[in-house]
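Before any comments, here is the structure.
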Amino acid sequence: MRRALLLIITLILIVGSVPLASGKAVEEPTQRDVFLYEYFSKIILRFEDSLKYVLVNESYGLTLANTTLNELELIHLEALYYQEKGVNPTVMKVIQPFYEFSRELMILNELILEFRKNPTPAVTAGIRGTVLNMESLLDEIDSLELMNGTEILKFNTEKVRKYLGEIDKLVSRTPPSGKFEIGISDSEPMLYQSVTIFGSCPGNETVTVVITKGNFTSFLIVTPQNGLFATMYRFRELGTYTVYATQGGLRSNTINVTVRKIPSVFLVENVYSAFLNQSLTVSGKLIDYYGNPLGEREITVGDETLVTGPDGGFAKSYHSSEAVTFQVPLEFAGDGTHTGTSEIVTVEFRRFPVAITLNGPERITLGEKAAFTGRVKPNMTFPLIVYVNDTPQFNITAENGTFSFALEPQSPGRLKVYVAFAGSEVYEGATSNVVLLTVVPPENMLPRYIAIVVLAMLLAAGILTRRKKDQTTPQASQKTVFKYAAGGNETSGEFLEIPEDIGEAYKLLRERLREMFGISESLTPREVLRILRDWELYPDLEAVTKLHEKAVYGEIPLSGEELTEFRASIERLLRGERGE
């Protein structure tokens, strides 16, 4: 599902992409919710900052609350996508109270800014009612338990509660005015959305909130405290309502509330990909804002009209005999209670990948021939071009996946040798690894013989004079290892160990993608795929992402073959080399 990115940080993978819950691909994976815990702990810090700013009458508190709400909404939709795919991510049990708190935080910021301009008892009642709702949501957050192996992780909401208490004290200093006023937290709520109706009244006698629309009338009985009242309500029909309150023979002001339709959304992939001459299915689900499936609804997929199944699902197949990329628009016009929605997904049929491996000597003497061998996958016949120092030299043919050739340099120097396949209608172009060949001039042997004789004489003299056993001073082994650098260059340096843990290995990859492309580790795995869809190593990245989702989000053990594929793809991505 493709949506505008409204956040600075989101789950790595679901936000990070780092996993929501890390686990090894073993029979009984250990639940590790460390990143999930760290991410939502940062959300709590944002809640604190928003409240802190609004307490000092800074509008940035509202901006921060709005940014956080948009971010959590995106995560909620991402989690719904994974749930639709049969994965039950831990984030589903965490996101709801955080998301609801974020909505209330928006309302509270708006009410406090209004209170600063016009501190009426009615606004005070709205603030205090909202604070009570938020404290109830904090109770839910406090009850959440995440795991890091056997360690239980609990959220700390102490500072948020402290700021809410300060806000309550701030507005409680407003004396009752004796005015009979009413207000509402959202005058344009969506159907079934909870709103807070609040106000001030002359005394503490029972207040009746009256909600009317045509022949419909509802009465809510509320008991005021210190001349203030508040109550929650959900509108269950569309339309424009009139809301007012009565107390004794008095009547408050009247407010109009327009209840709007529930938004809908398609849960789909950004890109649907297959190799040419294979079938590909664009599938997804249509749901509403609350996550309810919209079944038996008419939708348009490309140029075809479909009807969603009972679970809101739909599917359409495509086939192509040639490499091609095109876009497929999805559209739902809406119905009596839901707004319409649209989405565009990309369908691509790719040529089959080719991988070339080249082997050869690193050093020869001028006048010698350098023999090279190599392999091509798949094991077929391919025309290849041999390059020396980025200049094409001659053509060769790989037969049944193997090839060989020889070079006879005419002068000393350093040669950069590699092999390339230009590509065809069926197979993608490919380039092998680079072999660096050093050609040295022939040596004059006389100085070598003299040096050997001199060394032998010195050794004998040392033995006769010192008369003790030979000792070899141990020296630290200078082991040449390789670290993977952006662009696929191998350089001597510190060995980069790839963790056995699937989640930790993926985290390492995300750190490297940040270094190479500046891609934030806070993006979801699927957002990273969308950004890098034109990267030449996209197939490896896609394979790693899907295996990571299976092992981490789905907690499904990977097979030996899948583990091998995961590690091989991770290594190629870190090296910047193309794989099979």
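The values are calculated or read from the model by the stated rules, or taken from the named source; none is laboratory data. Quantities reported herein were computed from a predicted structural model and do not represent experimental measurements. We place every Cβ from the backbone using ideal geometry, glycine too, and count neighbours over all the protein chains shown. Ligands, DNA and RNA are excluded from the accessible area calculation, which covers all protein heavy atoms including side chains. Shrake-Rupley method; radii C 1.70, N 1.55, O 1.52, S 1.80 Å.
For the condition aromatic (Phe, Trp, Tyr), surrounded by fewer than 17 Cβ atoms within 10 Å (Cβ to Cβ) and assigned to a strand (DSSP E or B), what is the one hit in Phe266, Phe229, Phe219?
Step by step, each of Phe266, Phe229, Phe219 is checked, and only Phe219 is aromatic (Phe, Trp, Tyr), surrounded by fewer than 17 Cβ atoms within 10 Å (Cβ to Cβ) and assigned to a strand (DSSP E or B).
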Checklist line | Pair list, Cβ under 9 Å, 6 or more apart: segment 70-89 residue assigned to a loop (DSSP other than H, G, I, E, B), other residue modelled with pLDDT under 70 and not aromatic (Phe, Trp, Tyr) | finding: Pro89/Ile14; Pro89/Leu20; Pro89/Ala21; Pro89/Gln83
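Looking at the structure I just gave you, is Glu84 of a type in the set (Asp, Glu), modelled with pLDDT under 85 and touching a strand residue (DSSP E or B) at 6+ places or on another chain (Cβ under 7 Å)?
Numbers: of a type in the set (Asp, Glu): yes; modelled with pLDDT under 85: yes; touching a strand residue (DSSP E or B) at 6+ places or on another chain (Cβ under 7 Å): yes.
Taking the combined requirement at face value, the residue satisfies it.
So that you can scan it fast, the table gives a plain yes or no per residue for (1) modelled with pLDDT under 95; (2) in contact with a strand residue (DSSP E or B) (Cβ under 7 Å, 6 or more places away or on another chain):
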| residue | (1), (2) |
| --- | --- |
| Lys285 | yes, yes |
| Gly291 | yes, no |
| Glu298 | no, yes |
| Val301 | no, yes |
| Val307 | no, yes |
| Ala323 | yes, yes |
| Val328 | no, yes |
Next item on the list: Restrict the check to segment 187-207 and report whether at least one residue is open to solvent by 10 Å² or more (accessible area, probe 1.4 Å), closer than 28 Å to Ser264 by Cβ and modelled with pLDDT under 90.
Entry: yes
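Determine whether segment 553-576 contains at least one residue that is farther than 30 Å from Gly149 by Cα and either in contact with a Cys (Cβ under 8 Å, 6 or more places away or on another chain) or at pLDDT below 65 (or both).
We begin by selecting, within segment 553-576, every residue farther than 30 Å from Gly149 by Cα; these are 572, 575-576.
Now drop any that are not either in contact with a Cys (Cβ under 8 Å, 6 or more places away or on another chain) or at pLDDT below 65 (or both), which leaves none.
Checked segment 553-576: no residue is farther than 30 Å from Gly149 by Cα and either in contact with a Cys (Cβ under 8 Å, 6 or more places away or on another chain) or at pLDDT below 65 (or both).
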Check: Does segment 407-427 hold any residues that are touching a residue at least 40 places away in the same chain (Cβ under 8 Å), at negative phi, open to solvent by less than 40 Å² (accessible area, probe 1.4 Å) and not aromatic (Phe, Trp, Tyr), and which are they?
Finding: Pro409, Val417, Val419, Ala420
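Scanning segment 298-317 for residues that are closer than 30 Å to Glu428 by Cβ and small (Gly, Ala, Ser), which turns out surrounded by the most Cβ atoms within 10 Å (Cβ to Cβ)? Before the answer, list the steps.
Narrowing segment 298-317 to residues closer than 30 Å to Glu428 by Cβ: 301-303, 315-317.
Subsequent filtering for residues that are small (Gly, Ala, Ser) retains 302, 315, 317.
Values: Gly302: 17, Ala315: 11, Ser317: 9.
Only one residue fits best here, namely Gly302.
Suppose we filter segment 377-386 for residues that are without any contact (Cβ under 8 Å) to a residue 24 or more places away in the chain and either part of a strand (DSSP E or B) or of a type outside the set (S, T, N, Q) (or both); how many remain?
1
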Notebook entry, point to check: Which one is least open to solvent (accessible area, probe 1.4 Å), of the residues in segment 170-181 that are out of contact with any Ser or Thr (no Cβ under 6 Å at 6 or more places or on another chain) and assigned to a helix (DSSP H, G or I)?
Noted result: Leu170
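In segment 405-421, is there at least one residue being closer than 21 Å to Pro539 by Cα and at pLDDT 95 or above?
Of the residues in segment 405-421, the ones closer than 21 Å to Pro539 by Cα are 420-421.
Those still in the list that are at pLDDT 95 or above too: 420-421.
Taking every residue of segment 405-421 in turn, at least one turns out to be closer than 21 Å to Pro539 by Cα and at pLDDT 95 or above.
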Check: Out of all the residues in segment 288-297, is one or more of a type in the set (A, V, I, L, M, F, W, C), part of a strand (DSSP E or B) and open to solvent by less than 30 Å² (accessible area, probe 1.4 Å)?
Finding: no
Margin query: Thr341 - would you say it is of a type in the set (Val, Ile, Thr) and modelled with pLDDT under 95?
Written below: no
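Give segment 149-169 a look and list any residue that's open to solvent by less than 30 Å² (accessible area, probe 1.4 Å) and either closer than 17 Å to Asn109 by Cβ or hydroxyl-bearing (Ser, Thr, Tyr) (or both), or say none. Let's see the steps before the verdict.
Let us first name the residues in segment 149-169 that are open to solvent by less than 30 Å² (accessible area, probe 1.4 Å), namely 149, 153, 155, 157, 160, 164-165, 167.
The answer is Thr157, Val160, Leu164, Gly165, Ile167.
Among the residues of segment 106-129, which ones are more than 15 Å from Gly227 (Cα to Cα), in a helix (DSSP H, G or I) and either basic (Lys, Arg) or open to solvent by 10 Å² or more (accessible area, probe 1.4 Å) (or both)?
Here is the first cut: in segment 106-129, the ones more than 15 Å from Gly227 (Cα to Cα) are 106-118.
So of that shortlist, the ones also in a helix (DSSP H, G or I) come out as 106-117.
Across segment 106-129, the qualifying residues are Met106, Ile107, Glu110, Leu111, Leu113, Glu114, Phe115, Arg116, Lys117.
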